[in-house]
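The structure under discussion appears below in the form of structure tokens.
The values are calculated or read from the model by the stated rules, or taken from the named source; none is laboratory data. What you see is a predicted model, and the numbers here were worked out from it, not measured in a lab. A quick note on method: Cβ atoms are made from the backbone with ideal geometry, for glycine too, and the neighbour counts reach across all protein chains shown.
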Amino acid sequence: MISSTRYWFLLALIVLLYIAGLFVTLFENDSAQFAVMAMRMVQENDFFTLIKGTEEYLDKPHMHYWLAAFSYKLFGIHDWAYRIPGVLAIFLGAYSCYGLGRLLYNKDVGRFSALIFLTAQTIVLSGIDVRTDAVLTGFSVFAIWQLALFVEKDKLLHILLGAFGAGMAFSTKGQIALVVIGVSLICHLSYTKKWHRLISWKLLLAILVFGLTIAPMLYAYYLQFDLHPEKVIRGRNGRSGIFFIFWEQSFERMSGAGVGKNSNDFFFFFHTFLWVFLPWTVLALIAYWCRVREFWKTNFAFNPKLEFMTVGGISILFLLISFAQFKLPHYMNILIPLYAILSASYLHDLYKNSKRKMIKILLGIQYFILSIVFIGVLLLCFHVFKFEKGFYYVLLIACLGIITYFCLKREAYYMRIITLSVCSSLLLNAVLNLHFYPRLLAYQGGSNMAERVKELDIPHDDIYKITTRHTWALDFYNQYPVKIISLPELENKTGIWIYADDMELETLLNSGFHWHEQITVDQFRITRLQLKFLNPHTREKKLNKMHLVQLD
């Protein structure tokens, strides 16, 4: 379906794109927060205690932080070192998509699945704004692949690797990993009627491997919480970390208890999907509709040429997360492998059955998406943040030249669909990684203030803040968490530096404190972009300021 030369060429460009993203400054809040939490593990030589700022952290389990801490141990405390485990997990997820697509269909579907997964917008973003979802997604689809291999081939190695993958995923984000893996496998077993695979001594060994994999995480929770019932977490004492991760965690997310409610919109993930799966969104929607209709017409009768894992898994899991009272776009990442395989299989069916009319319609849609991406790129490069280096003009022209070549190249329509869709993602995200994000991060106060601190050689242990407001980027790039000091304690301090926003600076003035040295940088919450900020003519109105002052 796709030549090896074309496949490896596109894959090489994708890998270069992810490598470029490694060196982007960390985003506040989550990426910088998680990087600081892992940094403290290394600096304090305490790998069993999770601390968020000044508070005990009982939310996501330890694996993501352990992997980041291990990377710090190997490479030093750098933003790119923090991202390496997440990016490697993404590549594991891509290889698992290839393996699962090949198992359920054929090698061509597997290859295409990997390309779709790696170029889906939310997955590319998860390699830049690295949270727990990159590791969760990679190990979850790896577990699904290996367990599906066990169902089909009944080999011990596959069920043991699947159990290990499930344990790693569970140790990264808790119950949601087991829900996704379990629902996907149940859909596969119910369609293939291979329930007898569950009646095997190998399953007992798999449970043992799973238990051993999650044991370090459970032990860490036991040490931090179960041994200390006096600790008050979110207004309650007597919290058990083990009970939390096995029972309470997902229910808190579903109900909004503890973490709070941010959306009761049942259709949140429906409209979120329109951008998180770009540039493949329309292909996925058509593929889902056609596959559901096909199953419905046949009353879900078994067809060896089809599989129910992707459609069934997507339907059940999408419905389940839509009822949650706390929703964020990246919660969909764990479903992207299923969407990738479903979309790849549908396009392969069109090619195999020579459905030229539908292929031409899809090609027209992908041309339209490419044109939207092209317009967006021009706006980013020549209006939102104008190019400042001539090298970027050369790079952009080269990218557009390659895309134009493939647009004009006379080849099969399905090959154009694959190539142009991948190129759409590459063009957009190359501009984001190399131009937009670096310029955008000039407005992230904490990381920019850290640069000024380094330039002026200000001692990190002389920097304080007067509130509990989080300062993740400054903490990370100073490699030293900013300490909190109360106003009464400041009475006996001279020559120290206070990191403050406008309101905190006014509080200092009203309390009678004075300073002569002051450093001020722009501040904007860059993960919550607004049109007025993106418009250079109205940007100043949306900016705040962060200050570093040395008290007299």
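Observations on the structure shown:
- Tallying residues that are under 9 Å from residue 436 (Cβ atoms) and not in a loop (DSSP other than H, G, I, E, B) within the range 378-392 yields 3.
- Cβ-Cβ under 8 Å pairs, at least 6 apart or on other chains, the range 508-526 side at pLDDT 90 or above, far side surrounded by fewer than 18 Cβ atoms within 10 Å (Cβ to Cβ) and among the aliphatic types (A, V, I, L, M): 519/456; 522/442; 522/543; 523/543; 524/543
- Close pairs (7 angstrom Cβ cut-off, 6 or more residues apart or separate chains): under 15 Å from residue 412 (Cα atoms) in the range 346-375, not in a helix (DSSP H, G or I) anywhere: 348/1; 348/105; 351/1; 366/279
- For the range 448-492, a residue qualifies if it is acidic (Asp, Glu), free of Cβ contacts under 8 Å to residues at least 60 places away in the same chain and surrounded by 15 or more Cβ atoms within 10 Å (Cβ to Cβ), but none of them does.
- Some residue of the range 399-419 being closer than 30 Å to residue 533 by Cβ, touching a residue at least 40 places away in the same chain (Cβ under 8 Å) and buried (at least 18 other Cβ atoms within 10 Å of the Cβ): no
- Residue list for the range 456-483, filter: part of a loop (DSSP other than H, G, I, E, B) and among the acidic types (Asp, Glu): 457
- The residue list 345, 322 contains one member that is surrounded by fewer than 17 Cβ atoms within 10 Å (Cβ to Cβ), touching a helix residue (DSSP H, G or I) at 6+ places or on another chain (Cβ under 7 Å), in the same structural domain as residue 310 (by TED's automatic domain parsing) and closer than 30 Å to residue 266 by Cβ, which is 322.
- Of residues in the range 116-159 being part of a helix (DSSP H, G or I) and of a type in the set (Asp, Glu), the one surrounded by the most Cβ atoms within 10 Å (Cβ to Cβ): 133
- Residue match in the range 287-294 (condition: modelled with pLDDT of 90 or more, crowded, with 18+ Cβ neighbours inside 10 Å, under 25 Å from residue 116 (Cα atoms) and not aromatic (Phe, Trp, Tyr)): yes
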